[in-house]
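In what follows, a single structure is set out as structure tokens and then discussed.
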2 protein chains.
Amino acid sequence: MTEDAIAERRGRRSGGGAARRAERTATRAEFSRFITRNIPDLEILNAEALEIIEANAETVLEEIGVNFVDNPAALRLWQEAGADIDGERVRIPKGLARRLCATAPATFTQHARNPERNVEIGGRNLVLAPVYGPPFVRDQAGGRRYATIEDFRNFVKLGQMSKWLHHSGGTVCEPTDVAVNKRHLDMLHAHMTLSDKPYMGSVTLPERAEDSVEMSKILFGADFVDRNTVMTSLVNINSPLTFDSVMMGALEVYARAGQASIVSPFIVGGAMAPVTVAGTLTQVLAEVMAGVAYSQLVRAGAPVIAGAFVTSIDMNSGAPTFGTPEAAQITLGAGQLMRRLGLPYRSAGAFCGSKLPDAQAAYETANTLNTGLMAGVNFMLHACGWLEGGLVSSYEKYVMDADQLGVLHRLAAGVDLSENGQGMDAIREVGPGGHYLGCAHTQANYKDAFWRTGLLDYKPFETWDEEGARDTATLAGLKVRRMLDEYQAPDLDPGIAEALADYVAKKKAAVPDAFV
Amino acid sequence: MTEDAIAERRGRRSGGGAARRAERTATRAEFSRFITRNIPDLEILNAEALEIIEANAETVLEEIGVNFVDNPAALRLWQEAGADIDGERVRIPKGLARRLCATAPATFTQHARNPERNVEIGGRNLVLAPVYGPPFVRDQAGGRRYATIEDFRNFVKLGQMSKWLHHSGGTVCEPTDVAVNKRHLDMLHAHMTLSDKPYMGSVTLPERAEDSVEMSKILFGADFVDRNTVMTSLVNINSPLTFDSVMMGALEVYARAGQASIVSPFIVGGAMAPVTVAGTLTQVLAEVMAGVAYSQLVRAGAPVIAGAFVTSIDMNSGAPTFGTPEAAQITLGAGQLMRRLGLPYRSAGAFCGSKLPDAQAAYETANTLNTGLMAGVNFMLHACGWLEGGLVSSYEKYVMDADQLGVLHRLAAGVDLSENGQGMDAIREVGPGGHYLGCAHTQANYKDAFWRTGLLDYKPFETWDEEGARDTATLAGLKVRRMLDEYQAPDLDPGIAEALADYVAKKKAAVPDAFV
């Protein structure tokens, strides 16, 4: 975003009053800027490995090709670009997809209605967004149950209150009590009114993507949306090598509107891709190149994120597995490949297969969060709240994961080598056998010296035992209630609020409910 | 170890019989070789940062110096080497400590009584050893209680049965029901008879280190111990900058006997070192250089591991904290510094502050295990079983962590870029929209394609729910019982077994019990 654009938006929202409101908001919910890494990536593929995989991906695109299903317009665009069309199969000559990808921006700004919450996606940055898609929710009190719009709103509120989360996300859970053909309206309305962080648009039909653009125009102003990116939406590829017209239809709407899409293979290794890491990386790269190239055929310069949602499979049960070493290798390797493509990279998340927010969930999640940081991920969807292989949005795990996201912030910041950071005065003052707690350097630095959890228990055993010997999930449940109690909606211009409500009401009234 | 040495030992244990016994043993407990990394380290300090910290560490040693307490012989050795002695303070001219460190081997073999369990410590390797030191144990059935020798033996048995664990460790818990002045005998006896993996010696008094050497000579043969390293023992530095005579006394015994010591600052950042990462790294490096240099003054060429046990502190409660970003930065940075010193590196572990094997424990542990792998750690003590800041050895967490160690093995192995690994035949066979589960490549590879947990639950929700909706700790408790039931002691020459039992009995009978 240019400085002008920020000034323009501040102005449009009536200047001083908006600034004062922003100030008050800031005291309500703590907020952290997106991560900019000051540490290197972990690169597990050497130059030879990268070249083999890149050459193989080009071979896949040229010899095997990809299917664009029910999408004659897409086939025409591909043909004009020089691809070989055979039915719905698109075979892409070597080099073409990579050349087309080059017009996609390496970094872009996604604007939030509160400009302080804008995020820069790409480069050395990491933007964290919550869980996406589960039909169920779980909490300690209510157990596992179908998600409702009330749950949805609760999760948006938790997101607004979560210091280390930069993005309000999209389908934080499926509001199954709202008609399928109308729930996107309620979901967008919740993100727009209950949060001032950036959000995602609907992808379940092209016309729902159009609703997302229209509602964004009400929120931001039509001119602003025409000239800026205010949504990042999730476009999954039907791996292997298949692009369906629903997802591509949403991508087309967003690309034409200058809005961002995540083009993301969705792969359970061994089912939708080869069982080997290098084979999966080859397919991921081929799919991403084809999808991103297509976005650039629709509109050169459209902002896009190269995704990789990859898990492995339990060969006994066929269940997807999370936090595994193979998934880590793919996430790390794909990061290298996407950086060589010059594209922002989406991967990782608070992934786990566990049914409960227990130790399994935390091992699997921590493995994946750490991998995401080391892999150079730029946009991490599912960064908190994911449970049971993505079937469940967990209230407790949401705040547990969101607390761990603070660890990533501090780790990414790197090591302070300033004179104060070197601490030589402290070592001189204390000397052999001394104690640092009281020394001047410690007194001057202790407040910000260490990351602080907002959840985990560091009390002595006896105190903890007297207080009920509570485990992490129990403490998290208490925190969820506290956050929802303390939540306050960010200010919104009453005219905009009314216009949004009107849009939703009219759209809902125009057609009967459909539940499929 | 030379091939000759291996042959000699096989011979000494009566050849064919030993080989047959080794074969039978192998079928009892699955075993994995130590990790050799095929992925790079994560290096968070750039060249300038490394040079600043190294220069500061030299300044600390020259200007501030270190204390060698109650140890006139050490002061004499330092004086002869060119250090400046002032009371117990040793000021080491710049460059001297680093020069002395150069005679320590970059890699050494620690022998196990089963040569297949030998470990190579240093280089690209990672050797995993269990928790060390807790006075308490915890399990789901019995809760938290003082550890006994029965617990100790149980943990040694679990270690022998743990596929991904390479080392039997040392004080896997404190057997508080055995006299303080005799428990080292029972602990060593347990490691020597119940496990055939390598083990650690006693460090709590120099004469207990001597007992460790004597018992090792019974187990391995005196000649063999004179010429090979069969113990790696933990020598903590009293940070800041203090070397006490008890720990140094043990180090002296081991160095003279050609046995390995881990020379390890024990630091809660903000208490025993500056609150800043760079300040702590400076002190860690200074302490390690002084300690390792001293080991080389005692005997040039003595095997030694440069350690860094570092946690941060909760500035509210003063409690040590684990799995934090600052601890990760120190672990990563210290790895770089120790590699530049040319020494094997000990750090990380299954660290956590939680009182229960719950999500907090798993987040903190996974953060630290992943960091240890990325930091180039060569010897990871506490790799499983650590709970409650090291006060508790947890039965359940032992097997939970030990399962996660398998993740490190696979991740470290890197990506297979062979033709089979590339999987192009599979992508060709399946094509767009197909399914990989049945394809030839998947059928040929599925058995070894993915790391497999021996603990975590991947069942569908309904099955899991019907089976009792068990969390990870509950499943781990069941696994503990199964492992202890299935445990079989590795064969041991009856003559050696008798001689060991005699040594312990005579030593115990020689002095009255002491409980302080």
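Tabulated values for the structure
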| item | result |
| --- | --- |
| Neighbouring partner chain Cβ atoms per residue of B:404-412, average, 10 Å criterion | 4 |
| Pair A:Thr204, B:Ala55: separation of 7 Å Cα→Cβ label points (nm) | 6.2 nm |
| Exam field: B:Glu80 pseudo-label spacings to other copies (7 Å along Cα-Cβ), nanometres | 8.7 |
| Filter on A:Lys479/A:Lys508; A:Lys397/B:Lys447; B:Lys157/B:Lys507 - keep pairs with C-alpha separation over 31 Å | A:Lys479/A:Lys508; A:Lys397/B:Lys447 |
| 18 Å reach of a label modelled at A:Phe461, 7 Å along Cα-to-Cβ, counting backbone N of segment B:329-352 | B:351-352 |
| Segment B:338-487 shape via C-alpha gyration tensor axes, a/c threshold 1.5 | oblate |
| Pair B:Glu419, B:Ala489: separation of 7 Å Cα→Cβ label points (nm) | 5.3 nm |
| Chain B - Rg over Rh from alpha carbon coordinates, Kirkwood radius | 0.98 |
| Residues B:Lys94 and B:Val516, FRET efficiency given R0 of 45 Å [Cβ-Cβ distance, rounded to 0.05] | 0.60 |
| For B:447-456, mean number of other protein chain Cβ atoms within 10 Å | 6 |
| Inter-site label distance for B:Asn46 and B:Thr107 at 7 Å from Cα along Cβ, in nm | 3.2 nm |
| Ascending list, in nanometres, of distances separating the B:Ser418 label from those of the other copies (7 Å, Cα toward Cβ) | 5.3 |
| Across the identical copies, how the B:Thr107 labels are spaced - nm, sorted shortest first, 7 Å along Cα→Cβ | 4.1 |
| Vicinal HN-Hα couplings computed from phi for segment B:164-169 (Karplus, 6.51 cos²θ - 1.76 cosθ + 1.60; Hz; Gly/Pro x) | 8, 9, 9, 9, 7, x |
| Potential lengthening between B:Lys506 and B:Glu30 on full extension [0.36 nm per residue; Cα-Cα distance subtracted] | 167.8 nm |
| Computed log₁₀ I(q)/I(0) - Debye formula, equal Cα scatterers, no solvent, segment A:37-95, q 0.14, 0.15, 0.23 Å⁻¹ | -0.53, -0.57, -0.84 |
| Kyte-Doolittle at least -0.5, axis length at least 30 Å by Cα - qualifying DSSP helices, chain B | B:277-298 |
| Debye log10 I(q)/I(0) at q = 0.08 Å⁻¹ for the protein assembly as shown, Cα point scatterers | -0.81 |
| Estimated 222 nm signal from helices in chain B, with DSSP H stretches of n ≥ 4 weighted -39500 (n - 2.57), rounded to 500 | -14500 deg cm²/dmol |
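None of the figures in this text is laboratory data; all of them are computed from the coordinates on show. The shown structure was predicted, so the numbers you read here are calculated from the model rather than taken from an experiment. We place every Cβ from the backbone using ideal geometry, glycine too, and count neighbours over all the protein chains shown.
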